[in-house]
1. Answer yes or no as to whether ARG142 is charged (D, E, K, R), in contact (Cβ under 8 Å) with a residue 60 or more places away in the chain, within 19 Å of VAL244 (Cβ to Cβ) and not in a helix (DSSP H, G or I).
2. If you take the residues of the range 225-248 that are in a helix (DSSP H, G or I) and among the charged types (D, E, K, R), which of them is nearest to the chain's Cα centre (by Cα)?
3. If ALA98 passes every condition in (1) of a type in the set (Gly, Ala, Ser); (2) buried (at least 22 other Cβ atoms within 10 Å of the Cβ); (3) not assigned by TED's automatic domain parsing to the domain that holds GLY245 but one, which one does it miss?
4. I'd like to know if the range 352-372 contains one or more residues that are among the β-branched types (Val, Ile, Thr), at pLDDT 90 or above and part of a helix (DSSP H, G or I).
5. Give the range 175-204 a look and list any residue that's assigned to a helix (DSSP H, G or I) and touching a residue at least 24 places away in the same chain (Cβ under 8 Å), or say none.
6. Which one of LEU205, LEU187, LEU180, LEU251 is buried (at least 21 other Cβ atoms within 10 Å of the Cβ), over 15 Å from ASP139 (Cβ atoms), over 24 Å from the mean Cα position of the chain (by Cα) and of a type in the set (A, V, I, L, M)?
7. Please pick out the residue among LEU222, LEU283 that is under 22 Å from GLY120 (Cβ atoms) and part of a loop (DSSP other than H, G, I, E, B).
8. Can you name the residue in the range 9-38 that is of a type outside the set (Gly, Ala, Ser) and surrounded by fewer than 16 Cβ atoms within 10 Å (Cβ to Cβ) and, of all such residues, is nearest to PHE77 (Cα to Cα)?
Amino acid sequence: MFEGLTSRFSGAFSKLRSRGKLSSSDINDTFSEIRDALLDADVALDVVNEFVENTQTKSLELLKDIQAGTNQAQAVFDLVHQELVSILGGAARRIRFAKNPPTVILLAGLQGAGKTTLAGKLAKHLKEQGNTPLLIASDLQRPNAVTQLQVVGEQVGVPVFAPEPGNGVGNPIQVAKDGLNFAKQKLHNIVIVDTAGRLGVDADLMNEAIAIRDAVNPDEILFVVDAMIGQDAVRTAKAFGDGVGFDGVVLTKLDGDARGGAALSIAKQTGKPIFFASTGEKLSDFDVFYPERMASRILGMGDVATLAEQAKKALDTETSKKLEEKFVKGEDFTLEDFLEQLQGIAKMGSMSKILSMMPGAAQMKKQIEAIDDSEITKSTAIVQSMTPAERRDPKILNGSRRARIAKGSGRQVSEVNNLVDRFGQAQKAMKMARNGGSFPGMP
């Protein structure tokens, strides 16, 4: 979502770094570019004005006080990063758990924001932390909303309280109350209430949300916002806050191609923190929102911390430990190990998404976009078409075996040969690294 803004920031600071000792004119020119970039990204005007005024003033003061030989451009960059973190909410905000379970989380927002899917993603996230969440289907207005929540709940392994069929039938306030009582009886320590949305913030939406809020006394009210709708998202959040009140924001569709201004404006303009961000269609595409990490990503510094967390989730501890032990013992890296790695990478999402979190990704945009994610799928199919013996010892792969594997995976024999050759090279490189040698092609 922030590719355009990241590119503009990178361009502005690339010019600044090339100037050596900076003048006030250099600073003013840079912040003029930054201002235009933020406005073009649909960031709210008052947020832009405050951001530019603060950072530009501090940067000009910095020039007077900075020590000789210090990298002035880097100092300005650090200031901008610091102010971006502030705009995005400062420190990360976590769920506030009730002293006496269950903790009640009420989800509200406009229709189409992705609230029901988000409920499943949040339930999955909390379950992975060792909690026992319950989903309550209190959206009885939108067609098939109850069915959708039941499907999502089944996919993430979280029970759904849904006594009413929905589609305009049933009392959402009573469902929420009964669901809370059910959670207490069954010892669920977290309740997530999915409520109805509307096409706009109207009296019906407000009144129903207030009634459910008063019925279940939530510990957290999260307003779910579609990051794709721009400043309208900020306006609806402020209106809902005035009418019902909420504790924090969840951004959905943050992987979209909109300009991203709402994401940069909403925390500052509502005074409420961003708790989570949904970054794709998969139920695993869900992250805690860290303002510092997001600021780093926007400035082209990447987000290695989030990438490491995703890798840890995708590559389970047992698999990683097994590979580490094999490396230390001097055992060969096999195609079975390779298959586990491929499956782990697939869980993390597309290669372009993974690489976009690396520092300097903005400068590699064309190369990243050119990456063909189907290569992982093809390689997985080829290895899965091998027998366990063939995966353990690729040396036995003669012509007839390779032809069988090609047929079984729906690929060409040349593709099987290519994968086996590349795997052989990787094996040799790992052996050389383990023995203290250099990788092929390196001094």
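1. Details: charged (D, E, K, R): yes; in contact (Cβ under 8 Å) with a residue 60 or more places away in the chain: no; within 19 Å of VAL244 (Cβ to Cβ): yes; not in a helix (DSSP H, G or I): yes.
When the stated conditions are applied, ARG142 does not pass them.
2. It comes out as ASP232.
3. (2)
4. Filtering the range 352-372 for residues among the β-branched types (Val, Ile, Thr) gives 354, 368, 371.
This time we only want the ones that are at pLDDT 90 or above, so: none.
No.
5. Listed by number, the residues that qualify are VAL175, ALA176, LYS177, GLY179, LEU180, PHE182, ALA183, LYS184.
6. Working: LEU205 fails: over 15 Å from ASP139 (Cβ atoms); LEU187 fails: buried (at least 21 other Cβ atoms within 10 Å of the Cβ); LEU251 fails: over 24 Å from the mean Cα position of the chain (by Cα).
Matching residue, one of LEU205, LEU187, LEU180, LEU251: LEU180.
7. Testing whether each residue is under 22 Å from GLY120 (Cβ atoms) and part of a loop (DSSP other than H, G, I, E, B) leaves just LEU283.
8. Ranking the qualifying residues of the range 9-38, first place goes to ARG17.
The values are calculated or read from the model by the stated rules, or taken from the named source; none is laboratory data. Just so you know, these numbers come straight off a predicted model, no measurement behind them. Note: ideal-geometry Cβ built from the backbone for every residue, glycine included; neighbour counts use all protein chains shown.
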